Structures are given as structure tokens and as C-alpha cells.
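Remarks on the structure that follows.
The values are calculated or read from the model by the stated rules, or taken from the named source; none is laboratory data. Since we're looking at a predicted model, the values are computed, not measured. Every residue, glycine among them, receives a Cβ derived from its backbone with ideal geometry; neighbour counts consider all protein chains shown.
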Amino acid sequence: MNVALIDSGEELAAWCARIDSAGVVALDTEFHNERSYAPRLMVIQFAVDGAVALVDALRIADLTPLARALASKEIVGHALVGDLRIFVDRFDMLPRAAFDTQLAAAFLGYGISISLADLVHDMVGVRLRKAQTVSDWSARPLSPAQIDYLVSDVAHLLPMRERLIARLEARGREAWYAEEARELTDPARYRSDPERLYLRLPGAARMNRRELGILRELAVLRDRLARERDVPPKYIIPDDAMGTLVHLRPRSFVDLAQLRRLDVGARKAYGEQILAAVARGLALDDADLPQKPSRPPSQDREAIVTCLSVLTSAIAREQGVPSSLLAPRGTLERVARELPATEEALASTLDGSAWRTELLVQPLYDLLHGKTALAVHGAERGMPRVARVPLPE
């Protein structure tokens, strides 16, 4: 397979022309995100027309032509969410369609997070050398070992796509996969609502509404400052200091000086904005304060979640798909809180996808409404399994 190292805009333009004439493009990225707000692209590798191109994202100032060329194509990759989030963050565009080999494999019984190396070995019979997984991709020039690694990440994706599609069709699961894969190219999946960032912070569930109002203002401020400076939000204000600010409710720099976790540099750079954010939270009308987050399920509802999880796992085992793909625990907790009164409402709570509705709605509804019970069969033969047992009307 021909391999090209691309480090100029002119070379990239020529390869974009090749992409324009292609139907499907294999794609992967290498990035660092330890010290930045958004991941910093280091290398983009793609395979098209039997060749592999390695794009030096550090030496080419404008990568927009590549993102634009890919926007009209179907791309193929493994565990694509991280790669596609970069395209939204940096270029505000996504490919027309995406085929994720990891997601497709999950519908074929490989588990929810099979590695590319394991999938390639199983499907293609090739062992990939993955010694460069934690390589420093900012180093230049790229070493021969790094180049081999980059090439191997995309070289087998296109033939694997064809084999995975054939297997999905053979098992009647192509429609299931297609429905799930459509979310990969929905920009909304990769954009967080700044107004809800506070919900991710430790201690939010224990705060009252006024405290949540202050925390929300601080979270929005921290996110904006981090984005402007391209640093992780915790570099602006550490997570544990956010809760302390809420409870301290500082009104002056003297108050801020009490926070050991907010150093002198941070107080000098952001102090006035922090004080203003706290003041905004304190000034909010009661009607504008955030609602308290849902508390964890009560003891009875926790038992319901456990029953729902057991049934979901049994159905997942029957179908050969990961239970977390069928229904994550958070979704089952929502079902236990809301206790949908109809099958239609339950389908909506599960997200409304046709394949989940087909597999889960009737069994979960019957369990919730006392029409079936769970039993263990086969223990006496050393082959126990969970089964649904109809209950008398």
C-alpha cells in the first residue's frame, strides 16, 4: 500500500481532489488533550483508493479543505466519537455518514469496546503492533515505528467495513446498526449545553436551588474562560474549589483569599469575574433558579432498577449484544423513576429507537406491571440462566 506524508497545503489539496472522487474514506486521528480545552490535532490519517495519507496537522495551518472534502463522504473508522468530536469543535462540520467498526462489531457479539487490534486479528487475520498507543504525536519527524502504527490504524478499515456489513445483513441487524449509527453524524451529540455544565460537578446533587444557581453561573464562566484560553476548565478553577466558592459566596478579594485552591495568579486573572458570577447567582429570582437534580433511586426503586438490569442482560445475552448498548443503567434508572404507564411512554423513555422498542418494550413493560416474573432455570444442570415467567392474570 502506498503511503504519503503530507505537510503542505498544496499536497493536501491534491489529496482532497482524490477524496472528492472516492465513495468511502477510512479515517483516524491522533491528538493530545491533556493540557487543552479541545483536543489538539497532531496527525490525521486516511485511506482512499488503495493508498494511505498521513497529514501533519502541526505543519498545515488550514485543514478546512480536508474537513470540507470529507463532509460529502461516508467515512469508516473505529470508535469514531472522539475523532468526530474534533471535526465539530474545530471545523463545525461532519461527514455525510459514518461507519464505526467498533459499533458494528457490538451488534455482532464482540462486546461494546473491542479494540481495533483484536477486531482486525479476528476478521482479517493480521496482528497489529500497538506499541505506539501512548506515543508523543507532537514529536517531529515521525519515527518509522510511528508511521507503521498510523498506517495500520486505517489500512484494514475499508475491507472490514464490507465484511461487517455482510455479517450484519446475514443476521438481520443492518437496520439496527444503521439506526444507531445515524447519531454519529448528528452535531448535537458533540455539543454540550453550557447551562447544564454545573450538573457534572461533584456535590451538585447535595446543593439547594440557590447554591445550584451560583454553581451554574460559575460553571458557565469557567467554561468560557477555558475555551478562550484553550486549557482544561480545571486549570481555571479546580473542581473542588467550585463547591467551596458556592458555600463561601465571596463578595470581595479578601474573601477569595481564603480559598487555598485558588492561587494568587487565578485570583488576579479571574477574581473580578468570579465575584460577578457569584453575585449573579445570588441575585437570581427564585423562579429562575435551577431545579434540584433527580436524586438516586429510593431503596425500592433501586430494586426495580436491579430487576430491569437483570432482564435487560438476559435479553442482551439472547441477542448477542452488550447490555449497555441495549439500555445503559442510566436509562433503566429513568424508567424506574418515571414508571411509564403505557408501552408508548416506555418506548419514548428508552429513546424511541425501533430496534430497542422491538427487543425491550414488551418484556420491560410486562415486568414493571406484574405480568411476568424473573426466575433462574437450569441451575440443577450447572447451566443457570434467567428466564421470564408469565404470572396468572
Can you confirm whether Gly320 is at positive phi, free of Cβ contacts under 8 Å to residues at least 12 places away in the same chain and out of contact with any Pro (no Cβ under 6 Å at 6 or more places or on another chain)?
no
For the range 298-316 the number of residues that are surrounded by fewer than 19 Cβ atoms within 10 Å (Cβ to Cβ), in contact with a helix residue (DSSP H, G or I) (Cβ under 8 Å, 6 or more places away or on another chain) and in contact (Cβ under 8 Å) with a residue 60 or more places away in the chain is 2
By residue number, the members of the range 253-297 that are touching a residue at least 24 places away in the same chain (Cβ under 8 Å) and of a type in the set (Asp, Glu) are Asp286, Asp288
If we keep only residues of the range 59-85 that are acidic (Asp, Glu) and over 18 Å from the mean Cα position of the chain (by Cα), then the residue surrounded by the most Cβ atoms within 10 Å (Cβ to Cβ) is Glu74
Taking the range 91-121 and the residues there that are surrounded by 13 or more Cβ atoms within 10 Å (Cβ to Cβ) and among the acidic types (Asp, Glu), the one that is nearest to Pro39 (Cα to Cα) would be Asp100
**Prompt:** Does Arg337 qualify as being closer than 30 Å to His247 by Cβ and touching a Lys or Arg at 6+ places or on another chain (Cβ under 7 Å)?
**Reply:** yes
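The rows are residues; the columns are (1) at pLDDT 95 or above; (2) among the acidic types (Asp, Glu); (3) touching a His at 6+ places or on another chain (Cβ under 9 Å); (4) in a loop (DSSP other than H, G, I, E, B).
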site: Val151; (1), (2), (3), (4): yes, no, no, no
site: Glu162; (1), (2), (3), (4): yes, yes, no, no
site: Glu169; (1), (2), (3), (4): yes, yes, no, no
site: Gly172; (1), (2), (3), (4): yes, no, no, yes
site: Trp176; (1), (2), (3), (4): yes, no, no, no
> Is one or more of the residues making up the range 374-388 under 24 Å from Gly172 (Cβ atoms) and either in a loop (DSSP other than H, G, I, E, B) or among the acidic types (Asp, Glu) (or both)?
Replying inline: no
Residue set Gly109, Gly125, Gly77; condition on the phi > 0 side of the Ramachandran plot and touching a residue at least 60 places away in the same chain (Cβ under 8 Å); output residue Gly109
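Every residue, every condition in (1) basic (Lys, Arg); (2) over 27 Å from Asp83 (Cβ atoms); (3) out of contact with any helix residue (DSSP H, G or I) (no Cβ under 7 Å at 6 or more places or on another chain), yes or no:
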{"site": "Glu183", "(1), (2), (3)": "no, no, no"}
{"site": "Asp186", "(1), (2), (3)": "no, no, yes"}
{"site": "Leu221", "(1), (2), (3)": "no, yes, no"}
{"site": "Asp230", "(1), (2), (3)": "no, no, yes"}
Reported set for the range 5-49 where residues are assigned to a loop (DSSP other than H, G, I, E, B) and under 18 Å from Phe99 (Cα atoms) is Ala22, Gly23, Asp49
If you go through Asp136, Asp186, the only one that is within 30 Å of Ile6 (Cα to Cα), modelled with pLDDT of 95 or more and assigned by TED's automatic domain parsing to the domain that holds His78 is Asp186
**Message:** over 19 Å from Asp286 (Cα atoms), free of Cβ contacts under 8 Å to residues at least 60 places away in the same chain and surrounded by 15 or more Cβ atoms within 10 Å (Cβ to Cβ): is that true of Arg222 in this structure?
**Reply:** yes
